[in-house]
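Here's the structure we're looking at; comments come further down.
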Amino acid sequence: MINEKTTKEKQLLNNQLLRFSTAGSVDDGKSTLIGRLLYDSKSIFEDQLSSIEKTSQRRGFDGIDLALFTDGLKDEREQGITIDVAYRYFTTPKRKFIIADTPGHIQYTRNMVTGASTANASIVLIDARNGVVEQTKRHSYIASLLQIPHIIVCINKMDLVDYSEQRFNEIIEEYERIASKMMIKDVQFIPISALKGDNVVNRSENMPWFQGAPLLHTLETMHISSDINKIDARFPVQTVIRPQVGEFRDYRGYAGRLESGILRIGDEVCILPAGFTSKISSIDTFDGQINTAFAPMSIAISLEDEIDISRGDMIVRTNNRPRSEQEFEAMICWLNNSSAQARTKYTIRHTTNEQKVMIKEMVYKMDINSIERNMEDKDINMNDICRVIIRSTKPLMIDDYRENRYTGSFILIDESTNETVAAGMIL
Amino acid sequence: MNRYYLNYLEELESEAIFVLREVAAQFQHPVILFSGGKDSIVVTHLAKKAFFPAKIPFELMHIDTGHNFPETLQFRDQLVKELDAQLIVGSVQNSIEKGRVREEKGKNASRNVLQTTTLLDTIEEHKIDCAIGGGRRDEEKARAKERFFSHRDDFGQWDPKNQRPELWNLFNGKHFEGEHFRVFPISNWTEMDIWNYIKQENIAIPSLYFAHNREVIWRNNSWIPNSEFIQLDENEAIETKKIRFRTLGDITITGGIESTADTLDLIVAEVSSMRQTERGNRADDKRSETSMEDRKRDGYF
């Protein structure tokens, strides 16, 4: 009996974490869908439920308004919209989930990009009555731009189209037409009704023609271990640990998170940008030394040779190095109210490294409603997604964003305000 | 080892350690806001792990309302000694005496709101540019919008509508003189994660979290501990109950729940079957629908 329980507990503790993002406005039923996931997976507490029941009654809603579970800040409640990304949590016996709940409207593109940046999966909601609309393209484009590994297209409000299989298939066809223009790796379609609960947590009795799994089951079982690049070892140094006293007087550990790949004791490594080579002599954690580290572990590395290494340097395998570039192309999303200024210097944060850069050239702007390039308009304003050429004062050690989400991404910081003004993906 | 993925607790731990190392690298004078509660204890434990074998590069800062559980203070002092760390205490009592704040009156008076002034004064006095907190996004709807690196202007205020976007793992802690940051390394943890982690790591926590017999008063739907700071109503009576606390704060407003869970295993089992949120027993959150958001805007934890 006791053994059984410990095995079960162990299995629970071996569960993985899956981050997914949703985008949408109130009308798409996004809040209802999240409310349904939380409610049907019993992640809602009684005091939350009773406060929501009260509010639902006060507002004259018949039953519980599931959308109220995602209620946020004062302004959002007053206007009935999502503005900022809100994070929500639920756990099932199979996985822990983090939802980045983002707005869907074009004026909040930057918030969608933010929510999508760490997601393993994205849920794109389509209203079965309307089919693929501008917003669908926008959300899918952002998911492809941010290279979210898995996309789940939920065709919602199936109850309002008589649970029609034909309608479902029409929308899949429409969606595949737009998706073919984008870089989408893995896409699945699920017909649901968030309001009625069809195919969200429980299999729908109204759509026996659908052979696939309900949404929650899909999220619980999708393969995510390969979402992280395990080939190219990249270890940006965050800080150097030097106790300087006691038994660890001579210890010098380079602390950081292995952003991709695998490193082992004895591996020949190269320290960039200087280019010195050495061997890993130990990989340390508080819980003891380990032989093998893999992404995304936070570790401290010691080397056989004494080399001057500090924050911003990157430790990689000698035979697998990132590109070292002073000029490169990137897609950026402008995040700030004040527009980009030509020839202005920005600070780039790329991994733990900072340099001065400028936007040398704006190549084109993406119209994310039509997925067409705009070559004429050269201004970069808030929410714009543009292809640009960046020039830095010193070389940066970069990878393509497509290959590596963490060494392929960066932010730009405006030195006059200290604000984060742009998010970039290296091409 | 042939498993090449982290389980969820390992991933949360790695994320928190990454954030704590960013703090050490990006700020001049960071402190851990230490309340003696389980969340700040877990943050301190993570800091220990992040900088091992060196000492933690942060001082601990306690905002002391003067209405403490004696057990919490004892625990705090013991931990500070163990870590060989420095302790900064900001005293609400001093703020009252100096006339910086005025004590609330009446039965439901609390020093909860007053803490904000003391906190901001202490941050200014010690020129602290980063206060690391144990806030979690699952606690409350205003906290669900909080960033890992959360900017505070030179009045200590939070502007929820104008937060810096936070993408990937690129945290921007740049700030001007007089401004500071609040950093929340365990943003993505839930109450359940905290308990599972405390159990897994065998982290010491104050005895108040375990079921024990205590004199209590039934008030605002929870068991408020009897203490020298409590004024009794004529309808209220002191009873002795077996209770434990799910959160720890000012003794005058922290309600306990009836429980027999007196080991970590039993607590984990109890929390996983719990149908009420942990802050349901906090009188400070019940003042209005947006009380947390309002307090946070002003500079609260």
With (1) open to solvent by 10 Å² or more (accessible area, probe 1.4 Å); (2) within 11 Å of chain B (Cβ to nearest Cβ); (3) assigned to a loop (DSSP other than H, G, I, E, B); (4) at pLDDT below 80 as the list, and A:Gly63 as the residue in question, which single condition is left unmet?
(2)
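Given the criteria of a type outside the set (A, V, I, L, M), modelled with pLDDT of 75 or more, surrounded by fewer than 20 Cβ atoms within 10 Å (Cβ to Cβ) and in the same structural domain as A:Asn156 (by TED's automatic domain parsing), does A:Ser50 qualify? Write out each step before concluding.
Numbers: of a type outside the set (A, V, I, L, M): yes; modelled with pLDDT of 75 or more: yes; surrounded by fewer than 20 Cβ atoms within 10 Å (Cβ to Cβ): yes; in the same structural domain as A:Asn156 (by TED's automatic domain parsing): yes.
Here the answer is yes, as A:Ser50 does meet what is asked.
Confirm whether B:Arg143 is closer than 19 Å to B:Val23 by Cα, among the basic types (Lys, Arg) and touching a Lys or Arg at 6+ places or on another chain (Cβ under 8 Å).
Working: closer than 19 Å to B:Val23 by Cα: no; among the basic types (Lys, Arg): yes; touching a Lys or Arg at 6+ places or on another chain (Cβ under 8 Å): yes.
No: the conditions fail for B:Arg143.
For residues in region A:259-291 being more than 14 Å from chain B (Cβ to nearest Cβ) and buried (at least 17 other Cβ atoms within 10 Å of the Cβ), which is farthest from A:Arg234 (Cα to Cα)?
First pass over region A:259-291, keeping only residues more than 14 Å from chain B (Cβ to nearest Cβ): A:266-281.
Those still in the list that are buried (at least 17 other Cβ atoms within 10 Å of the Cβ) too: A:267, A:269-272, A:278, A:280.
Details: A:Asp267: 13, A:Val269: 10, A:Cys270: 10, A:Ile271: 10, A:Leu272: 10, A:Ser278: 15, A:Ile280: 14 Å.
Among them, the one singled out is A:Ser278.
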If a residue must be surrounded by fewer than 20 Cβ atoms within 10 Å (Cβ to Cβ) and under 18 Å from B:Cys130 (Cβ atoms), how many such residues does region B:55-82 contain?
3
Do you know which residues across region B:217-254 are of a type outside the set (Asp, Glu), more than 23 Å from the chain's Cα centre (by Cα) and in a strand (DSSP E or B)?
B:Ile217, B:Trp218, B:Thr240, B:Lys241, B:Lys242
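Any chance region B:159-179 includes a residue that's more than 14 Å from every other protein chain (Cβ to nearest Cβ) and not aliphatic (A, V, I, L, M)? Let's see the steps before the verdict.
Initially, region B:159-179 is screened for residues more than 14 Å from every other protein chain (Cβ to nearest Cβ), giving none.
No - not one qualifying residue is present in region B:159-179.
Might you check whether a residue that is within 14 Å of chain B (Cβ to nearest Cβ) and not in a strand (DSSP E or B) occurs anywhere in region A:322-331? Please lay out each step first, then the result.
From region A:322-331, those within 14 Å of chain B (Cβ to nearest Cβ) are A:330-331; that's our starting set.
Okay, now just the ones that are also not in a strand (DSSP E or B), so none.
Checking region A:322-331: not a single residue is within 14 Å of chain B (Cβ to nearest Cβ) and not in a strand (DSSP E or B).
Quick one: which strands (runs of 3 or more DSSP E) sit completely within region A:232-282 and have at least 3 residues that are touching a residue at least 60 places away in the same chain (Cβ under 8 Å) and within 32 Å of the chain's Cα centre (by Cα)? Break it down stepwise before answering.
On the way: elements: A:234-241, A:253-257, A:262-264, A:268-272.
The qualifying strands (runs of 3 or more DSSP E) are A:234-241.
Could you tell me which residue of region A:85-131 is nearest to the other protein chains (Cβ to nearest Cβ), considering only residues that are in contact (Cβ under 8 Å) with a residue 40 or more places away in the chain and of a type in the set (D, E, K, R)?
Step by step, filter region A:85-131, then rank; the result is A:Lys96.
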Could you please give the count of residues in region B:213-235 that are of a type outside the set (Gly, Ala, Ser) and open to solvent by less than 30 Å² (accessible area, probe 1.4 Å)?
7
What's the number of the condition B:Pro185 fails, among (1) open to solvent by 30 Å² or more (accessible area, probe 1.4 Å); (2) assigned to a loop (DSSP other than H, G, I, E, B); (3) closer than 21 Å to B:Ala144 by Cβ?
(1)
If you go through region A:296-307, how many residues are within 29 Å of B:Ala16 (Cβ to Cβ) and either in a loop (DSSP other than H, G, I, E, B) or away from chain B (no Cβ under 14 Å) (or both)?
4
Taking the options B:Lys174, B:Lys161, name whichever one is open to solvent by 20 Å² or more (accessible area, probe 1.4 Å), in the same structural domain as B:Ile32 (by TED's automatic domain parsing) and modelled with pLDDT of 95 or more.
B:Lys174
Evaluation of B:Ala109 against (1) modelled with pLDDT of 95 or more; (2) open to solvent by 20 Å² or more (accessible area, probe 1.4 Å) (one fails), failing number
(1)
Listed residues A:Glu403, A:Glu419, A:Glu354; which is touching a residue at least 40 places away in the same chain (Cβ under 8 Å), within 14 Å of chain B (Cβ to nearest Cβ) and open to solvent by 70 Å² or more (accessible area, probe 1.4 Å)?
A:Glu354
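Taking the options A:Ile332, A:Ile307, name whichever one is aliphatic (A, V, I, L, M) and not assigned by TED's automatic domain parsing to the domain that holds A:Thr277.
Details: A:Ile307 fails: not assigned by TED's automatic domain parsing to the domain that holds A:Thr277.
Testing whether each residue is aliphatic (A, V, I, L, M) and not assigned by TED's automatic domain parsing to the domain that holds A:Thr277 leaves just A:Ile332.
On the basis of being assigned by TED's automatic domain parsing to the domain that holds A:Phe97, among the acidic types (Asp, Glu), open to solvent by 60 Å² or more (accessible area, probe 1.4 Å) and in a loop (DSSP other than H, G, I, E, B), does A:Glu205 make the cut? Can you show your working first?
Working: assigned by TED's automatic domain parsing to the domain that holds A:Phe97: yes; among the acidic types (Asp, Glu): yes; open to solvent by 60 Å² or more (accessible area, probe 1.4 Å): yes; in a loop (DSSP other than H, G, I, E, B): yes.
In short, yes.
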The lone condition B:Asp262 fails out of (1) open to solvent by 70 Å² or more (accessible area, probe 1.4 Å); (2) away from every other protein chain (no Cβ under 14 Å); (3) under 30 Å from B:Lys105 (Cβ atoms) is (3)
Please work out which one of (1) at pLDDT below 95; (2) part of a loop (DSSP other than H, G, I, E, B); (3) within 26 Å of the chain's Cα centre (by Cα) is the condition A:Gly312 fails and give its number.
(1)
Could we say that B:Lys48 is within 11 Å of chain A (Cβ to nearest Cβ), basic (Lys, Arg) and either within 23 Å of B:Asp77 (Cβ to Cβ) or open to solvent by 30 Å² or more (accessible area, probe 1.4 Å) (or both) here?
yes
Can you name the residue in region A:406-416 that is of a type in the set (Ser, Thr, Tyr) and in a loop (DSSP other than H, G, I, E, B) and, of all such residues, is nearest to the other protein chains (Cβ to nearest Cβ)?
A:Tyr406
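Somewhere in region B:36-45, is a residue within 20 Å of A:Leu258 (Cβ to Cβ) and at the interface with chain A (Cβ under 10 Å from one of its Cβ atoms)?
no
Before we move on, is A:Arg343 under 21 Å from A:Asn404 (Cβ atoms) and either among the small types (Gly, Ala, Ser) or open to solvent by 10 Å² or more (accessible area, probe 1.4 Å) (or both)? Don't jump to the end; show me each part of the working.
Numbers: under 21 Å from A:Asn404 (Cβ atoms): no; either among the small types (Gly, Ala, Ser) or open to solvent by 10 Å² or more (accessible area, probe 1.4 Å) (or both): yes.
Judged against the criteria, A:Arg343 is not a match.
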Check on A:Asp367, at pLDDT below 95 and surrounded by 13 or more Cβ atoms within 10 Å (Cβ to Cβ)
yes
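The values are calculated or read from the model by the stated rules, or taken from the named source; none is laboratory data. Quick caveat, the model's predicted, so the values are computed rather than measured. Don't worry about glycine lacking a Cβ; one is built from the backbone with ideal geometry, like all the others, and counts go over all protein chains shown. Ligands, DNA and RNA are excluded from the accessible area calculation, which covers all protein heavy atoms including side chains. Shrake-Rupley method; radii C 1.70, N 1.55, O 1.52, S 1.80 Å.
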